[in-house]
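Participant: Provided herewith is a single structure, encoded as structure tokens, for subsequent inquiry.
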Amino acid sequence: MAWDSQAGDDITIQEGLGVPLDEDGDLDVVRRPRAASDPNPAEPARDKVHPMILAQEEDDLMGDRAHESCPHDIIKIEHTMATPLEDVGKQVWRGALFQADYILFRRDLFQGYTVLELGAGTRLASIVAVTMAHTVYCTDVGTDLLAMCQRNIALNSHLAATRDGVIKVKELDWLKDDLCTDPKVPFSWSEEDISDLYDHTTVLFAAEVFYEDDLADALFNTLSRLVHRLKNACTAILSVEKRFNFTLRHLDVTCEAYDHFRASLDSLEKLADGRLRFTVEPVEASFP
């Protein structure tokens, strides 16, 4: 395309480039298909993103023999590379990788203990935790996401087996006050699991779940509700990436989700409760 910068001149299209034009001679722009959620799509929806292996070692063609040589060095995660907002839990986010490193660094918090992950997504942090913890409760919502989590646990069962750790996949909806105990519902809680959770949990952790204000509020409400029911003092480990975005509301680059997260932490620390006291401490990112 040739462009003349002088005012009043038109844009001209060089001949022979094969640029598609409509019947009026205008540039014919090919539109991408509408979102799959459109009830009356004009065109077929785009192909869905299929699960992929996060990392695949070169020896994978050897089958089980690869695990015999280095069973503790490889974690396999089924995940998706891109998703709509409602399925972001199917991706592996940097906050989860960061938290997994921190769990390995703070083995003393996990060794032999019962721990709970909130909004676990693909279960990366939980799978790392079970190499040290006695019991890991991995929680999220959505049967398809929880089923993916179950598959990831099966892919890495050798890690839990070496330490006698146990991972239990459960549904935990932050918008509901009580845990689901209906045996007809997949990934529901048994009374034994609920008793174990409240009697023995000492660590709660969550990664990259603070991207939307209402969801963040629901998580903090869930944290408060849980710690009121736990018998032991506990540590909550939260990780989030500080993302900067241009917003029309501010006409500037801001990090609204992170700011809301920090404000929620401040409110939690100031919360006056006769039996509970919350202390917030930032973690320096200088650990190995």
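Participant: According to a simple spin-label model (label point 7 Å from Cα along Cα-to-Cβ), what is the distance in nm between Gln91 and Asn221?
Facilitator: 2.6
Participant: I need the calculated FRET efficiency for the pair Asp144 and Asp101, taking r as the beta carbon distance and R₀ as 30 Å, to the nearest 0.05.
Facilitator: The computed FRET efficiency comes out at 0.60.
Participant: Rank these residues by their accessible area, most exposed first, probe 1.4 Å: Thr235, Thr139.
Facilitator: Ranked from most to least accessible, the order is Thr235, Thr139.
Participant: Another one. Using the alpha-carbon centroid of each, what span in Å lies between the stretch 234-288 and the stretch 159-194?
Facilitator: Using only Cα atoms, the two centres lie 27 Å from each other.
Participant: May I pose another question? Assuming R0 = 45 Å, can you tell me the calculated FRET efficiency for the pair Asp214 and Arg163, based on Cβ-Cβ distance, to the nearest 0.05?
Facilitator: According to the calculation, E is roughly 0.75.
Participant: What does the extension gain come out to for Asp193 and Thr279, with contour length at 0.36 nm per residue minus their alpha carbon separation?
Facilitator: 28.2 nm
Participant: Follow-up question, since we're still on this one. Could you compute how much accessible surface Phe220 exposes when probed at 1.4 Å, giving the result in Å² to the nearest 10?
Facilitator: Approximately 20 Å² for this residue.
Participant: How high is the FRET efficiency between Asp177 and Leu251 when r is their beta carbon distance and R₀ equals 35 Å, given to the nearest 0.05? Kindly include the intermediate steps, with their values, before the conclusion.
Facilitator: Details: r = 40 Å, r/R0 = 1.13.
The calculated FRET efficiency here is 0.30.
Participant: If you don't mind, there's one more thing I want to ask. Sorted by packing (mean other beta-carbon atoms within 10 Å per residue), highest first, where do 129-136, 189-196 land?
Facilitator: Numbers: 129-136: 23.6, 189-196: 13.9.
Those peptides, ordered most packed to least, come out 129-136, 189-196.
The values are calculated or read from the model by the stated rules, or taken from the named source; none is laboratory data. As the structure is a prediction and not an experimental result, all values here were calculated from the model. Quick reminder, even Gly has a Cβ in these numbers, built from the backbone with ideal geometry, and neighbours come from all protein chains shown. Heavy atoms of the whole protein, side chains included, go into the accessibility calculation; ligands, DNA and RNA do not. Shrake-Rupley method; radii C 1.70, N 1.55, O 1.52, S 1.80 Å.
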